[in-house]
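Undergrad: Here it is: the structure, laid out below.
Every number in this text was worked out from the coordinates using simple rules, so none of it is lab data. Because the structure is predicted, anything quoted here is derived from the model rather than measured. In this analysis, Cβ positions are derived from the backbone assuming ideal geometry, glycine residues included, and neighbour counts consider all displayed protein chains.
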C-alpha cells in the first residue's frame, strides 16, 4: 500500500470504526451538535407563541436569519442567536487586528500565548455583541408578543438569549479543540441541514399545486443548484502550483542534489469564511433596526437600510458581491503573507525558477495571489447571486433564504471536514509504521 496517497472510503470508514482517537473525536462532535440542536427547542418564557407565529409569516429577513440559527429564532428557543454573535465578533477582531499594530503583533509574534489572548478578547466582544443583538430582538421583535411586556421580561429574555449564545460559542470551541472540523462552521452546517426538510417539503407542495409548469421551474432550479455544487467542489479543490527548486547542499560528507517541488496556492484561500462573514454583516442592519425601532431620524434611516438589504433586492445582491470580494482579499492577506513566504524560501535555500530571491519573489507571489483571489471572489459572487436570479426568473421562492449561501457553506464545510478526517487517517498510517 502506498503510504502517502489519499485514503480510500473503505480505509476511512474502517479507521473511524477502529481507531480510538478518531472515533472519540467523532463521538464528541456528534454529541455536542445534538446538544446544541436540543437547546434550540428549549423555549424562551413569557411569549404568546400563536400570535408570534402569525406575526412573523411575512418577514423574509427572519427566514434568512433562521438559516444560521437552524430555526431557533422562529421556534423562540434559548439558542435563538446561535453562533452569530461569535461570527460577528470574529469579523470585528480580524478587522481590528489588521488595523491596530499591537493586536497584529500579538497574533504574529507572540505565538500561542498571543493567539490565546486574542481569542479571549474575541469572547468578550462576542458577549457584548450578544447582549446588543438580544436587546434588538427582544425589544424590536419579541416584546409585542409578550404576555407581560415589562422591564423584567426584557431583562429575563436578554439574559436567556445571551447565555444561550455564550454556551453555543463554548460548544463551537470545544468541537474545534476536541472534535473534528471547525466548530463554528459545523454548527452553521447542522443548522442549514435542519432547515432543509421544511424547505424541500414546501418546494414539493409548490410543484404539486402548480402543475407541469411548476415542476419544470423546480427542475430548472435544482439543475442550477447541481451545477453550482460541481463548480464549488472544483474551485474549493483548485490550486495553482508554483514550481520551487531547492539548491544543492552538503551535510557532512553527503551531498544533496537539487530537488524540484511546488508551492500550492489555493484558488479560494478563505474557503467558506468570506461568504459567512458577508452574510453576517448583511444581517446587522435588520438587528439594529429591531434595536432602535422606526422612531426618530436615526431609526427611520436604519429601517430604510434594513428594507433595502433584505434578501432578493438588487441592493442586497450588489452589497453582497462587494462584501464577498472584500472578505476574500482580507482573508487571503491573513492566511498567506508573500513577504514571509519569500523569506522562508530564502532560508531554506529554495527559489522560484526565473525569479530572484527576496523582494522579487515576494512581488511575484503577491501578483499571483491577487489574481487567484480575484478569480475566487468572482466565483463566490456568481455562486451567491445566480441561484437567486434563477429563483426570481422561475418564480420558485420556496428556496429563498436557503439559496447559494447555504449551498456553498454546506459543500465547503463538508470538504474541509472530510479533509481533516483524511488527515487523521494518514496520521494513523504513520503511527502504524512507527509501531512496526
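Undergrad: Given the C-alpha centroids of segment 302-357 and segment 143-172, what is the distance between them in whole angstrom?
TA: A separation of 36 Å, based on Cα centres.
Undergrad: List 362, 165 from most exposed to least, where exposure is judged by having the fewest other Cβ atoms within 10 Å.
TA: Listing 362, 165 from fewest to most nearby Cβ atoms yields 362, 165.
Undergrad: OK, next. Can you sort 341, 348 by how many other beta carbons sit within 10 Å, fewest first?
TA: 348, 341
Undergrad: For 192, 230, what ranking results if the residue with the fewest other Cβ atoms within 10 Å of its Cβ goes first?
TA: By the 10 Å Cβ count, ascending, the order reads 230, 192.
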